[in-house]
1. Test residue 126 against the stated conditions and say whether it is within 25 Å of the chain's Cα centre (by Cα), buried (at least 21 other Cβ atoms within 10 Å of the Cβ) and within 28 Å of residue 197 (Cα to Cα).
2. Limited to segment 310-360, what total is found for residues that are modelled with pLDDT under 85, more than 16 Å from residue 292 (Cα to Cα) and acidic (Asp, Glu)?
3. Being loosely packed, with under 14 Cβ neighbours inside 10 Å and part of a helix (DSSP H, G or I) is the filter here; which residues of segment 16-32 pass it?
4. Output the residues belonging to segment 290-324 that are small (Gly, Ala, Ser), more than 21 Å from residue 266 (Cβ to Cβ) and part of a loop (DSSP other than H, G, I, E, B).
5. Does segment 268-281 include one or more residues that are modelled with pLDDT under 95, under 27 Å from residue 137 (Cα atoms) and of a type in the set (A, V, I, L, M)?
6. Six or more apart or on different chains, Cβ under 6 Å: which pairs go from a residue in segment 76-96 that's at negative phi and assigned to a strand (DSSP E or B) to one that's of a type in the set (S, T, N, Q) and surrounded by 13 or more Cβ atoms within 10 Å (Cβ to Cβ)? Could you list them?
7. Any idea which of 94, 49 is modelled with pLDDT under 90, farther than 16 Å from residue 276 by Cα and small (Gly, Ala, Ser)?
8. Step by step: first the residues of segment 285-309, then only those that are at pLDDT 95 or above and polar (S, T, N, Q), then the one that is farthest from residue 254 (Cα to Cα). Which residue is that?
Amino acid sequence: MSTEKNIRTKFAVGHFLTEKPDDPASFAELARRFAPRLREVYFPWPGLSNARAKVYNKPDDEERIAADLKYCREHGMKLDILANATCYGDKAFSEEQRLQIVGIIKHLDKLGLYPEIVTTTSPYIAKVFKLNFPDIEVRASVNMRLRNTLALEYLAPLYDSYYICRDVQRDLPTFHMMADWCKDHGKKLCMLANSGCVRNCPWQVFHETLLSHKFNEAFREMGNHNLELLCNRIFTKKSMRANFLRCTWIRPEDVHVFEPELETIKLSTREARHPLEIAEAYVNGSYDGDLLRLTDPIHTFGFRPYRVDNKSFPADWVTSGIAGKCAENCVHCGKCEEVLKQVLKYDLDNTIRADNYFLQKNYTILAPKKRHGFSDMSFAPDKKEGRS
């Protein structure tokens, strides 16, 4: 699928900085290889809170970000600045936040990087842009979890485009209904294609808030109390692995089902383990490998020594409904388990993997320990796993 007529142009990738500018897996390398086939780059700017708590505090961080963004713009990509934190603390709805945003956009303008788009979770920030920068498209973040046309209607005065809620994007009737509403009302619909989040995850708001506020410190404290995120627990247990098929990701081969009705297809690459591999798979519309490597968050560790063979999915995976609405209120009918048998493969090369993580043979390292009165929450890994 590498011919000219199959080249896609609707993908957006997230900017990231590597420790070394000349890292072969740097964003600069991703842009060099794929910019002509991408529509947008979404990026955080130092000082402006977003959905990740990464701190840019090195002297040359801003210079490196600006250089990457200039390259993207020169190669036809739109710039989408992120203001998509779930929580802004005491800055939310404040004059301080307004002045900060206005200052940052004016600074970007001086650098020749005036953005075409802002993606935000905050109606207040949306209003700030509408009043101060009306030529910038305001986009509703995927973190707003917009799952029906009524939600789109409520946001219509402030937002120009929307990310559809991941939990419903595979449900084709709902997807088409929301796409039709956007078309009829002069709005645009967007999608996040490679999320590894559990569908309808009750931990999601909690997790997103941690991501916005000192992620590393929070997760170290959670570890001290033997408390892990839902997705980190369930995939270490063999009997729970079918839940991966009930997640929200769209395979590269299936993007064409949704693409005609979408403005932008977002690829999560900012903190992904294999960003260049993700970009290549989706722009080519094909991937012959372990599907687990394409999602963010990544779940390869919990599945070891197995992989999810992307090429083994049934041809009607999307259109049959198995991937769609039936996972909204799962009755455990066994369909996902049947597909899992088809796609789950024992990894013969299970000692050293391409992601540079050593496969631990002793699964007891994954078993939760009881500390501070917390139990194992019923998600301890199976004691024994053989080939299936």
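1. On the way: within 25 Å of the chain's Cα centre (by Cα): yes; buried (at least 21 other Cβ atoms within 10 Å of the Cβ): yes; within 28 Å of residue 197 (Cα to Cα): yes.
Yes.
2. 1
3. Result: 32, single match.
4. As a first pass, look at segment 290-324 and keep what is small (Gly, Ala, Ser): 302, 312, 315, 320-321, 323-324.
Keeping just the survivors that are more than 21 Å from residue 266 (Cβ to Cβ) gives 302, 312, 315, 320-321.
Selection gives 315, 320, 321.
5. yes
6. From segment 76-96, the pairs are 80/119; 82/50; 82/119; 83/120.
7. Numbers: 94 fails: modelled with pLDDT under 90.
Being modelled with pLDDT under 90, farther than 16 Å from residue 276 by Cα and small (Gly, Ala, Ser) holds for just one of 94, 49, which is 49.
8. Selected residue: 295.
The values are calculated or read from the model by the stated rules, or taken from the named source; none is laboratory data. This structure is a prediction, so every number in the text was calculated from the model and none was measured. Using ideal geometry, Cβ is built from the backbone for each residue, glycine included, and neighbour counts are taken over all protein chains shown.
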